[in-house]
Each structure stands twice: as C-alpha cells, then as structure tokens.
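Inspection log for the structure reproduced underneath, given as structure tokens.
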Amino acid sequence: RKEVEQDPGPFNVPEGATVAFNCTYSNSASQSFFWYRQDCRKEPKLLMSVYSSGNEDGRFTAQLNRASQYISLLIRDSKLSDSATYLCVVKNNAGNMLTFGGGTRLMVKP
Amino acid sequence: DAGVTQSPTHLIKTRGQHVTLRCSPISGHKSVSWYQQVLGQGPQFIFQYYEKEERGRGNFPDRFSARQFPNYSSELNVNALLLGDSALYLCASSLAAGHDYGYTFGSGTRLTVV
C-alpha cells in the first residue's frame with residue numbers, strides 16, 4: 001500500500017463547477033499535511049497547509065480527518081487557471097521528509 | 001530576492017556516466033532537500049541536509065550521494081547512471097529542519113539518461 005494515495009483523475013469540469021479531491025495516508029502518527037499544486041513541467045508550489053479544524057483560503061477549503069486518515073481539498077467556482085495537478089503531501093514525524101501522493105490532475109474547461 | 005536556484009536546467013547523459021546537480025537555497029535558509037520526480041508520479045524524497053549534516057535519507061541506492069557546503073548550497077551526485085534515473089530532480093529549501101518550516105522548491109533539473 002502506498003503511503004499517500006490519490007485518485008489520479010483526470011477530473012474534467014466546466015468553469016464555475018465545484019470539485020473535490022480526496023487523499024488517504026497510511027502513517028497514523030503523521031503530524032503535518034499539505035496540498036501542493038504542480039503545473040505541467042514546473043515545480044510543486046504550496047497551495048495550503050491542512051489543519052484538523054479545517055481551513056479555507058478564498059475558493060479553496062482543506063479538511064483533515066485524523067481518525068480516518070483522510071485529507072480533502074474542495075475548489076469552488078473553478079477557473080481555467082485552476083487546471084493543474086494537485087499533490088497531497090504528508091510530512092513525517094521527524095519533520096525532515098515530505099511524502100507525496102501521485103497527484104490528481106484537474107482540467108477546467110470553458 | 002532570488003528563490004531556489006538549480007543548475008543545470010536540462011541535462012542529457014549516457015548510461016554509466018556520473019552527474020552532479022547543484023542547488024542554492026533561498027538566502028537565510030539553512031536546509032536543503034532533494035527529491036526525484038519520475039514522469040507521472042509524485043516527487044520522492046532522496047536526502048535532507050541541515051547545517052551541512054545529513055538529516056534524512058530516502059530509499060535510494062548508494063549511487064546517490066549529496067553534500068551541503070558552508071554557504072548552505074548543495075550538490076546531488078549520481079554515479080553509474082541508469083535509464084531509470086531519468087527524472088526531474090527537485091531541490092527544496094527551508095529555513096531549518098523540523099515540522100514548523102515550509103518548503104520552497106526550485107524549478108528542477110530535468111535529467112535524461114540515454
């Protein structure tokens with residue numbers, strides 16, 4: 001079983017749609033969680049950290065369920081510019097290593 | 001302020017050769033990590049260095065080595081290249097090691113082994 005698992009997609013959605021991505025992680029002792037965004041042939045960029053209480057940044061909402069070892073990302077009112085691969089990331093206990101999921105590809109169409 | 005800089009941006013090598021990739025972290029950042037991203041997959045952890053010491057090592061063969069210099073820049077070395085080493089090699093910079101510090105990635109070195 002992979003340490004961090006994501007549905008690879010692609011998710012094809014029209015502009016203005018709401019889309020949700022899910023991710024599961026295997027190490028119950030993990031403490032830090034993130035969503036990164038990666039454009040084609042570019043480096044990953046931090047989209048947002050994920051907290052147990054849930055957090056929102058504009059159109060983006062992240063949730064963490066520690067009991068189920070499950071992380072989610074909700075994107076509301078999708079824009080063409082949201083088209084990218086979204087990477088679910090877990091930092092290990094020592095805080096020295098990021099473990100990435102395989103990424104979920106999102107394509108927003110006009 | 002310069003972000004994380006990596007060189008070269010692209011590289012083509014032949015099987016069996018050796019390669020050295022370079023990374024300069026953000027000014028003031030003391031930790032550098034290296035990741036390998038094969039096409040279609042998420043990045044995989046190779047090494048972390050902090051204050052010139054290795055603080056973590058991923059599941060990579062001994063052909064992979066790295067070091068960090070007094071100015072906090074870093075080199076990743078790969079010996080006896082295999083076709084499977086073809087990937088995007090990413091360097092990540094952080095202020096220090098530990099949970100409280102975020103990572104900023106460089107734009108990577110794209111290595112092709114033929």
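The values are calculated or read from the model by the stated rules, or taken from the named source; none is laboratory data. From a predicted model like this one, the values you see are computed outputs, not experimental measurements. In this analysis, Cβ positions are derived from the backbone assuming ideal geometry, glycine residues included, and neighbour counts consider all displayed protein chains.
On the stretch given as segment B:1-39, residues that are closer than 14 Å to B:Gly84 by Cα and in contact with a Phe, Trp or Tyr (Cβ under 7 Å, 6 or more places away or on another chain) total 1.
Where strands (runs of 3 or more DSSP E) fall entirely within segment A:14-110, those with at least 1 residues that are of a type in the set (Val, Ile, Thr) and over 22 Å from B:Ala97 (Cβ atoms) are at A:19-25, A:60-65, A:70-75, A:84-91, A:104-109.
The condition (being part of a loop (DSSP other than H, G, I, E, B) and either within 14 Å of chain A (Cβ to nearest Cβ) or not charged (D, E, K, R) (or both)) is satisfied by just one residue among B:Gln41, B:Gln36: B:Gln41.
The residues in segment B:22-33 that are more than 8 Å from chain A (Cβ to nearest Cβ), part of a strand (DSSP E or B) and buried (at least 21 other Cβ atoms within 10 Å of the Cβ) can be counted, and the count is 4. Taken over segment A:12-25, the criterion of being more than 11 Å from A:Leu73 (Cβ to Cβ) and either at pLDDT below 95 or aromatic (Phe, Trp, Tyr) (or both) is satisfied by A:Tyr25 alone.
In this structure, A:Leu87 does not qualify as more than 21 Å from A:Phe11 (Cα to Cα), within 13 Å of chain B (Cβ to nearest Cβ) and touching a Pro at 6+ places or on another chain (Cβ under 9 Å). Only residues that are closer than 11 Å to A:Phe34 by Cα and surrounded by fewer than 19 Cβ atoms within 10 Å (Cβ to Cβ) were counted across segment A:87-110, and they come to 0.
Summed over segment A:90-110, residues that are among the basic types (Lys, Arg), at pLDDT 95 or above and under 25 Å from A:Glu3 (Cα atoms) total 1.
Taking (1) within 10 Å of another protein chain (Cβ to nearest Cβ); (2) among the small types (Gly, Ala, Ser); (3) more than 24 Å from A:Phe34 (Cα to Cα) in turn, B:Ala97 satisfies each apart from (3). Of A:Leu87, A:Leu46, A:Leu74, all but one fail to be at pLDDT 95 or above, among the hydrophobic types (A, V, I, L, M, F, W, C) and touching a Gly at 6+ places or on another chain (Cβ under 9 Å); the exception is A:Leu87.
Screening the candidates B:Glu54, B:Glu75 for the property of being within 11 Å of chain A (Cβ to nearest Cβ), surrounded by fewer than 18 Cβ atoms within 10 Å (Cβ to Cβ), part of a strand (DSSP E or B) and not aromatic (Phe, Trp, Tyr) yields one hit, B:Glu54.
For B:Phe60, indicate whether it is among the aromatic types (Phe, Trp, Tyr) and touching a residue at least 24 places away in the same chain (Cβ under 8 Å). Taking the combined requirement at face value, the residue satisfies it.
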